[in-house]
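Only one structure is covered here, and it is reproduced in the block below.
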Amino acid sequence: MKKLLLILVAGTLANPVIMAGQKVDIKVKGMVCSFCAQGLDKKFKAEPAVEKVSVSLKEKEILLELKDGRQLNDERIKRIVHDAGYNVHSIKRELK
Amino acid sequence: MRKLYLLIGLILIALTSATAHPVPFKGAVSVMTWNQPYFNETMAIYSFHRKFAFGGQYMRMDMSDGEMKTIIPQLNFLAKRWNELDSQANVYFVSGFGSYAFDNGITERVKTTAIGGVEADWESRKYYVSAKLTGLWPDIDENTYIQTYRAGVAAYPSEFDEISSWLILDLQHVNRRDREFTATPVIRLFYRNVLTEVGASFNGDWMFNFMVHL
């Protein structure tokens, strides 16, 4: 029984992404105006996996905080940015 | 040769307009109105694709020989967009067909008209230039050509959650009304999805524009 618990705990710790939420840092090309960046803010907020959206025009970044245990893959992110009229420059991920 | 390229570039940029992008983000509804003593335009558009928007516009304009009114369903097309880290540039085409009324003070005639236009803009967080050329080809009367050129500078580089303020010089010419371009300094303020502009031309005519993305 102890071994089983140990395996479960170890397995859980080895997959922190499943337990903790992620921060996704998206660098966007063409995002120079807040009036136009509304589309990105609106579309990402509508995503079920997204808990919080922060936009920085100075850094040309959108910072997403994902809900615990939820994922938003790169292809989906690129699609949203593309539909809003922009292009993704880079995507970085880290744990919250 | 560089100067020639620069000149051609500036002319191309100047060949557009822009208080607003004619094709906002996919799924957006935009409502906008431009107003001067001799000109009113109200438009509502819906972007059903990242490159296309459909909508309708009402326009009223005083000409040298009467008053023109149009109601035109139109299709806007984003032909090309250049997204860079610090800037964005666009070329749009506008087309439509609708009703055209002209009142010369004695009689009012109502017919149809086609509308076509090309717009281009370039903007960064600090600078903005645009140009717009619109043509109206009615069944009656002579053709109308409206040119609008704009250049603007931001008062400060605003962030997403801040009020953004710009000083813009608007140059406008209508072939059936003007002998010279009308120059109007404009103050533009926008916050989130609401944009407003107020200005007064060197002739003393006011300007008020408003736009919202829904």
Pull up the range B:191-213, narrow it to residues that are aromatic (Phe, Trp, Tyr) and within 16 Å of the chain's Cα centre (by Cα), then point me to the one that is surrounded by the fewest Cβ atoms within 10 Å (Cβ to Cβ).
-> B:208
Which one of these is within 14 Å of chain B (Cβ to nearest Cβ), in a helix (DSSP H, G or I) and closer than 18 Å to residue B:123 by Cα: A:35, A:44?
-> A:35
Does at least one position in the range A:72-80 carry a residue that is more than 10 Å from chain B (Cβ to nearest Cβ), without any contact (Cβ under 8 Å) to a residue 24 or more places away in the chain and more than 12 Å from the chain's Cα centre (by Cα)?
-> yes
Quick one: would you say residue B:85 is within 14 Å of chain A (Cβ to nearest Cβ) and not in a strand (DSSP E or B)?
-> yes
Residue B:111: passes all of (1) surrounded by fewer than 17 Cβ atoms within 10 Å (Cβ to Cβ); (2) within 18 Å of the chain's Cα centre (by Cα); (3) more than 20 Å from residue B:32 (Cα to Cα); (4) basic (Lys, Arg) but (2)
Does the range B:132-147 hold any residues that are more than 18 Å from the chain's Cα centre (by Cα) and of a type in the set (Val, Ile, Thr), and which are they?
-> B:140
Filtering the range B:88-108 down to residues that are in contact with a Gly (Cβ under 7 Å, 6 or more places away or on another chain) and within 14 Å of chain A (Cβ to nearest Cβ) yields B:88
Scanning the range B:53-82 residue by residue, those surrounded by 15 or more Cβ atoms within 10 Å (Cβ to Cβ) and within 14 Å of another protein chain (Cβ to nearest Cβ) turn out to be B:53, B:76, B:77, B:78, B:81
Based on what the data block shows, is residue B:3 within 14 Å of another protein chain (Cβ to nearest Cβ), farther than 20 Å from residue B:150 by Cα and modelled with pLDDT of 50 or more?
-> no
Taking the range B:137-166, which residues are closer than 22 Å to residue B:195 by Cα, of a type in the set (Ser, Thr, Tyr) and either in a strand (DSSP E or B) or in contact with a Cys (Cβ under 7 Å, 6 or more places away or on another chain) (or both)?
-> B:148, B:149, B:164, B:165
When every residue in the range B:178-206 that is in contact with a Leu (Cβ under 6 Å, 6 or more places away or on another chain) and either in a loop (DSSP other than H, G, I, E, B) or among the hydroxyl-bearing types (Ser, Thr, Tyr) (or both) is compared, the one farthest from the other protein chains (Cβ to nearest Cβ) is B:181
Unique match (being surrounded by 17 or more Cβ atoms within 10 Å (Cβ to Cβ), modelled with pLDDT of 90 or more and more than 23 Å from residue B:90 (Cβ to Cβ)) among A:72, A:63, A:57 = A:72
Enumerate the pairs (first residue in the range B:41-66 and on the phi > 0 side of the Ramachandran plot; second residue anywhere and of a type in the set (Asp, Glu) and surrounded by fewer than 16 Cβ atoms within 10 Å (Cβ to Cβ)) with beta-carbon separation below 6 Å, excluding pairs fewer than 6 apart on the same chain, so at least 6 apart or on different chains.
-> B:66/B:103
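The values are calculated or read from the model by the stated rules, or taken from the named source; none is laboratory data. Because the structure is a prediction, the values reported are computed rather than measured. Positions of Cβ are generated from backbone atoms using ideal geometry, with glycine treated the same way; all protein chains shown enter the neighbour counts.
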